[in-house]
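So the structure is just underneath, and the comments pick up after that.
Every number in this text was worked out from the coordinates using simple rules, so none of it is lab data. Quick caveat: nothing in here was measured; it's all calculated off a predicted structure. Using ideal geometry, Cβ is built from the backbone for each residue, glycine included, and neighbour counts are taken over all protein chains shown.
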Amino acid sequence: MSRRPGTPRLLRQLNDRAALELLLTSGPVTRTQLGRETGLSKVTASQLLSRLEERGLVRVAGSKAGGRGPNAALYEAVPSAAYAVALEVGAAEATAAVADITGTVVEQGSVDPSTASDPVGAVCGLVAKLVESAGVPPERLNACVIGTPGVVDPRTGSVRFSFDLHAWLEGVFDALGTELGRPVLIENDVNLAAMAEHAEGAARDERDFALMWLSSGVGMAIMLDGRIRSGRSGGAGEIGYLPVPGAPLPREVGRPGGFASLRLQDGGIDHGFQSLVGGREIVALAGEHGITGGGAAEVVAAARASAAEEPEGAGAAFLDELADRIARGVASVCVVLDPGLVVLGGEVARAGGEELARRVAESVPAIGPNAPEVGVGRVEGPVLRGALLLALENAREELYAAVAE
C-alpha cells in the first residue's frame with residue numbers, strides 16, 4: 001500500500017483543515033484554545049491562523065479577558081466564506097433557505113408553483129431571488145440540496161418515481177443546477193427529516209433508529225450505525241406497501257399487475273400498510289368514532305384534545321385504534337431491524353404528539369418481540385432543515401478541500 005509522505009505542505013493542509021473545522025463547529029476560540037483542542041503549538045497555531053486570515057476564511061471576532069497581560073484575540077470563521085442552499089419541494093409549495101457557512105440562515109422564502117404558469121421558473125426564481133438578496137457571490141455558493149417525495153436512486157442521484165409530485169417538478173432539478181451554475185443533490189424528504197432528527201431532535205446521538213413519516217402518505221427512513229440506509233435502488237423505507245395484519249394484498253383488491261397498477265388515481269394505496277394509516281384512512285376511521293372535520297392531522301388533533309378531557313371517550317378510543325394500526329408497521333420493521341428507537345414524524349404524528357406515541361409503544365409488545373422506544377419528532381420543518389444540514393456538510397467539505405489546495 002502506498003502512503004502519502006508526511007511532507008510539511010501536507011501537515012499544513014491537515015492543520016488548516018482541523019483548525020477551520022473547529023472554528024465552524026465550536027465557534028470563536030483563542031489561539032491558546034485552538035492549540036489545546038488541536039494539539040498544535042502556539043507558534044504553529046499562530047501561523048495557520050495567519051494563513052487562514054489571509055485567505056479570507058478566518059477573522060478576529062473580539063477578545064477574551066483572563067489572566068495577566070493583554071486580552072487574548074478571539075478568532076472565528078468568516079460567515080461569508082461560503083454558502084449553502086436548501087430546497088424542499090412539494091406538489092403545492094416549495095420552500096428554500098440560504099445559509100452562510102456557519103449555518104446561520106440568511107434568507108428564506110416560499111412559493112406555490114402550482115398556481116404559476118411556469119412552475120419550474122417560479123421555483124428557480126425563488127432560489128435566485130433569495131441568493132441575490134443574501135448577496136451571495138456565485139463562486140461562494142458551494143452546495144445545494146433538494147428534498148423531495150419519491151424514491152431517489154443512490155446510484156444516479158435521480159428520482160426514480162414520485163406519486164406526490166406534479167410532472168413539471170421533474171424539470172426543477174436540471175433547471176436549478178443551470179441557474180446556480182453547479183450540481184444539485186437530490187435526497188428523499190423522509191431521509192432528510194431523519195438526518196435533522198438525528199442531528200438536533202428526538203434521535204440526537206442515536207446511531208440506530210427509524211423515522212416513520214405519517215402524513216397523507218406513509219414513509220420511513222432507516223439509520224443504522226449512524227448512516228441513512230436507502231437500499232440498492234433507493235427503495236428502502238417504502239413501507240406504504242408493507243403487508244401487515246389487517247391490510248389486504250394487491251391481488252385481494254384486484255391489483256395483481258405491476259407497480260404502476262398499485263397506486264390509485266387520488267394518490268392512495270388500497271393495500272398494504274398505507275391502507276390502514278394513510279391520510280384518507282385516518283379520516284375514515286375518525287368518522288367511525290364520530291370525529292369529523294378537516295384532514296388527517298386535524299381529526300387526530302381533535303381526538304387528542306377530546307381524550308384529554310374525556311379519557312374514556314370517543315377521542316381516546318380512536319387514538320387507541322389508530323395506535324394499534326401504526327404499531328403493526330412499527331412491529332414489522334422492528335422484527336427485521338430492531339432499531340431500539342422509532343421516531344414518529346409528519347403532520348399526523350405531530351398532531352397526535354406524545355399521547356399517540358405512548359399508545360403506539362404500548363401496542364407494539366403485543367405484536368412482536370422487539371419493543372422499541374417510540375418518540376415524536378422535535379425539529380420544526382425537518383425536511384428543509386435536513387436538506388440544509390446536508391448542504392452545509394457538503395459546502396464545508398468543499399471549503400476544506402480548497403484549503404488543502
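Quick rundown of the values:
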quantity	calculated
Listed residues 203, 271, 121: farthest to the positive end of the dipole of the chain (Cβ charges)	203
Net +/- balance of residues flanking residue 242 in space, Cβ distance below 13 Å, scoring K and R +1, D and E -1	+1
Radius of gyration and maximum dimension Dmax of region 8-77, Cα, Å	11.5, 36
Packing rank of 338-349, 111-122, where each peptide gets the mean count of other beta carbons within 10 Å, highest leading	338-349, 111-122
Between helix 382-403 and the chain: long-axis angle, C-alpha atoms, 0 to 90°, nearest 10	30
Helical contribution to [θ] at 222 nm, DSSP H n ≥ 4, -39,500 (n - 2.57), averaged over the chain, rounded to 500	-13500 deg cm²/dmol
Kirkwood-type radius of region 303-347, with distances r between different C-alpha atoms, in Å	11.9
Bins of 5 Å, starting at 0 and running to the largest distance - Cα pair percent for region 204-378	1, 9, 17, 21, 20, 15, 10, 4, 1, 0
Kirkwood-type radius of the chain, with distances r between different C-alpha atoms, in Å	23.5
Charge context of residue 146, other residues only, Cβ under 9 angstrom, K/R +1, D/E -1	-2
Rounded tilt (10° steps) of 314-337 against the dominant C-alpha axis of the chain	60
Total formal charge among the other residues, if their Cβ is under 13 angstrom from that of residue 134, Lys/Arg +1 and Asp/Glu -1	-1
Helix axis angle, 189-200 relative to the chain longest principal axis, alpha carbon, degrees	60
